[in-house]
Structure formats: structure tokens, C-alpha cells
Amino acid sequence: MRRKDNRDRRRGRNSGHGPRSNTERKGKRPVAEESSRERVVLAQTPRQVRAIQRLLSGIGVPASRPFKPDEFQLEALAAIEHEDVLVTAPTGSGKTWIAREEIRRLLAAGKKTWYTSPLKALTNSKYAEFALEFGAENVGILTGDRKENTNAPLIVGTTEIYRNQLFDALREGFDVGTDFVILDEAHYLSDEDRGHVWEESIILSPPRIRLLLLSATVGRATEFASWIEEVRGTTVRVIKAGPRPVELRAAYLSSDLQLFTLFDEEAKYNRDLDRFARQRPQGYRGRKNF
């Protein structure tokens, strides 16, 4: 009987049916004595409310009006007929409109175009956009995942695929079947890992192929253009757009679902946000990156 009682006690302890001693709980997470205290939500001051009203003002669908191209767009279209062109313009300025209008002109003239981008998602998006604009029969796509209508007069693909075609043409002694190449996101030339693809694409493209390079963030555009002229033996027109047409506004959404501007009226850091740093729970150490 004594042996059976010992087994029953051990079985009860190991299966969780009996009380555990402090020794048995060693290394386990302690039981919380009380729930977290409720956070006090501070009402926003009239100044903060006015700042949020300014932040959110103007949001909505703009009024419809006839499209009128900007001067930099018309300048680029005129220059691309005889020169390589580097367009540096903020996002939303209408860089793609330049490419689309030149594609339209070349298709009407029976010529071929390559549109390259660094991202498959962007390439797929442009393929769908151009297929609607120019007809699916006139547009093909070449990426590592998709190969459709490859004999179309307009090919949309990643820059790596275009570069590979240049290498194939060089090895096998044939001419690349395009008259015009658009290098979207041209600032990728400075990317540490992939920049050589853009460099090789520019160097290996025959001078007869005109290049249109588009970027919102390219630095030292004039120096970049001089290098292109040197390696290609062509002239390059640098065209810069004016200020950003779509204003950027930054805000912070607190855990209490209150909205605060990131910058104050003087375009300096909004000190009202400092209070959230003080509200972090005790023992908070922030996010770790591994």
C-alpha cells in the first residue's frame, strides 16, 4: 500500500493535479498579482487640434480638369527625338507621361521600345497599364517569372532581362531589336548590389538606341549625364522638374488612436510626442533586431 500511495502522489504532482512547491515553479514565469493599470488618455489641446485640422485639410478627390503638360514634360519629349534624356522629377510629377507619349509616337511609326524597371511588381503594373493604353497585342512582358508576347513592339521587363539580351547580342553577333529604351528608377545605378546592371545596360546599349532615364531621387544628375555621354558617345539632356506637386505630410498615430503631427508649425520636431516615450511600460526595452 505504501508503494501505491507514493506512485499516486508522484502521478498527481507530475500531472498538475496537486499543488506545486516554489522549488517546482523555479524558472517559470511568475503569476501577475494584478492587471495593468489603465492608461490615462490626455485630451488634445486646441493648438494640437488645429494642427491636425491643417494636416487633414485638402484630402479628397481633386476637381476634374483638362490635362495640360508641364514645361519639363514638353522639353523632354522634344529632346528625346535627337538626344538621350535624363529626367529627374519628384514622385507624382508625371515622368511616366513622357515615356508613354514617346511610346505612342514610336508605335505609330512602326518602331520598337523597351521599358525597364528594377521591380517585378512595378513591371507587372506597367505591363497592365500599357496593355490598356496601347492594346494587349502591342505589349509583351519579360521577367524571371513571366514571358508573354515577346515579339510585341513594346516590351516591359526588368532591367536584368534587358541587360541579358545585350550580352546575348554581343556574344552571338546580332543587333538588339529595339529603337528606344526607358530606364525607370535610374538611380538604382548607385545600388551596391544591383547597380552594375544599370551600368552595363547603359554601356552596352548601341548609340542608335536612344535612352530615357527617369528618377525621382538621382543625385548629381549633371555628373551622371556626363558619364553617359563619355561611355556612349552621345549627348544627354538633363531635365529637372519643379517642386513636388503632391505635398508630403507626416503624422503619428498613438496607441490611444490620437493623431499628432510629426512636425510643428516651424517644421521642427513636435515635442508633444515626447510624452509617449514617458508612457512606455516599465521594463520596456524596445525592439531587437537579429
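The values are calculated or read from the model by the stated rules, or taken from the named source; none is laboratory data. Keep in mind it's a predicted model, so treat the numbers as computed, not measured. Cβ coordinates were reconstructed from backbone atoms using ideal geometry, including for glycine residues, and neighbour counts include every protein chain displayed.
In this structure, is E75 surrounded by fewer than 23 Cβ atoms within 10 Å (Cβ to Cβ) and free of Cβ contacts under 8 Å to residues at least 40 places away in the same chain? Don't jump to the end; show me each part of the working.
Working: surrounded by fewer than 23 Cβ atoms within 10 Å (Cβ to Cβ): yes; free of Cβ contacts under 8 Å to residues at least 40 places away in the same chain: no.
So E75 does not fit the description; no.
I'd like the full set of residues that are touching a residue at least 24 places away in the same chain (Cβ under 8 Å), surrounded by fewer than 19 Cβ atoms within 10 Å (Cβ to Cβ) and part of a helix (DSSP H, G or I), limited to region 172-227.
S190, E200, I203, L204
Which residue, of V197, V156, V181, is touching an Asp or Glu at 6+ places or on another chain (Cβ under 7 Å), aliphatic (A, V, I, L, M) and closer than 12 Å to T116 by Cβ?
V197 is the lone residue from the list that is touching an Asp or Glu at 6+ places or on another chain (Cβ under 7 Å), aliphatic (A, V, I, L, M) and closer than 12 Å to T116 by Cβ.
What about A89, is it without any contact (Cβ under 8 Å) to a residue 24 or more places away in the chain and farther than 15 Å from T178 by Cβ?
So A89 fails the test.
Tally the residues that are under 18 Å from Q73 (Cα atoms) and over 22 Å from the mean Cα position of the chain (by Cα), restricting the search to region 235-258.
Step one: list which residues in region 235-258 are under 18 Å from Q73 (Cα atoms), which gives 236-246.
If we keep only those that are over 22 Å from the mean Cα position of the chain (by Cα) too, we end up with 236-239.
Counting residues in region 235-258 that are under 18 Å from Q73 (Cα atoms) and over 22 Å from the mean Cα position of the chain (by Cα) gives 4.
Checking L183 against (1) in contact with a Lys or Arg (Cβ under 6 Å, 6 or more places away or on another chain); (2) under 18 Å from I80 (Cβ atoms): exactly one of these is not met. Which one?
Every listed condition holds for L183 apart from (1).
Answer yes or no: is there a residue in region 102-119 that is within 24 Å of the chain's Cα centre (by Cα) and without any contact (Cβ under 8 Å) to a residue 24 or more places away in the chain.
No; the residues of region 102-119 include none that is within 24 Å of the chain's Cα centre (by Cα) and without any contact (Cβ under 8 Å) to a residue 24 or more places away in the chain.
For A131, state whether it is in a helix (DSSP H, G or I), in contact (Cβ under 8 Å) with a residue 40 or more places away in the chain and crowded, with 18+ Cβ neighbours inside 10 Å.
Numbers: in a helix (DSSP H, G or I): yes; in contact (Cβ under 8 Å) with a residue 40 or more places away in the chain: no; crowded, with 18+ Cβ neighbours inside 10 Å: yes.
It is false that A131 is in a helix (DSSP H, G or I), in contact (Cβ under 8 Å) with a residue 40 or more places away in the chain and crowded, with 18+ Cβ neighbours inside 10 Å.
I'd like to verify a number: residues in region 259-270 that are closer than 11 Å to Q48 by Cα and either modelled with pLDDT under 80 or surrounded by fewer than 12 Cβ atoms within 10 Å (Cβ to Cβ) (or both), how many?
Residues in region 259-270 being closer than 11 Å to Q48 by Cα and either modelled with pLDDT under 80 or surrounded by fewer than 12 Cβ atoms within 10 Å (Cβ to Cβ) (or both): 1 in total.
Please find, among S125, S93, the residue that is under 25 Å from R244 (Cβ atoms) and either charged (D, E, K, R) or exposed (fewer than 15 other Cβ atoms within 10 Å of the Cβ) (or both).
Going through S125, S93 in turn, just one is under 25 Å from R244 (Cβ atoms) and either charged (D, E, K, R) or exposed (fewer than 15 other Cβ atoms within 10 Å of the Cβ) (or both): S125.
Collect the residues in region 45-60 that are among the polar types (S, T, N, Q) and either under 34 Å from the mean Cα position of the chain (by Cα) or modelled with pLDDT of 85 or more (or both), keeping them in residue-number order.
Within region 45-60, Q48, Q53, S57 meet the criteria.
Looking only at region 53-70, which residues are more than 14 Å from R249 (Cβ to Cβ) and surrounded by 10 or more Cβ atoms within 10 Å (Cβ to Cβ)?
P69, D70
Could you check region 48-107 and list, in sequence order, the residues that are among the aromatic types (F, W, Y) and over 30 Å from R220 (Cβ atoms)? Walk me through it before giving the result.
Our first condition is that a residue be among the aromatic types (F, W, Y); within region 48-107, this holds for 67, 72, 97.
If the condition is that a residue be among the aromatic types (F, W, Y) and over 30 Å from R220 (Cβ atoms), then F67 is the only one that fits.
Kindly indicate whether A109 is of a type in the set (A, V, I, L, M, F, W, C) and either surrounded by fewer than 19 Cβ atoms within 10 Å (Cβ to Cβ) or out of contact with any helix residue (DSSP H, G or I) (no Cβ under 9 Å at 6 or more places or on another chain) (or both).
It is true that A109 is of a type in the set (A, V, I, L, M, F, W, C) and either surrounded by fewer than 19 Cβ atoms within 10 Å (Cβ to Cβ) or out of contact with any helix residue (DSSP H, G or I) (no Cβ under 9 Å at 6 or more places or on another chain) (or both).
How many residues, within region 168-195, are among the aromatic types (F, W, Y) and in contact with a helix residue (DSSP H, G or I) (Cβ under 7 Å, 6 or more places away or on another chain)?
So the count comes out to 2.
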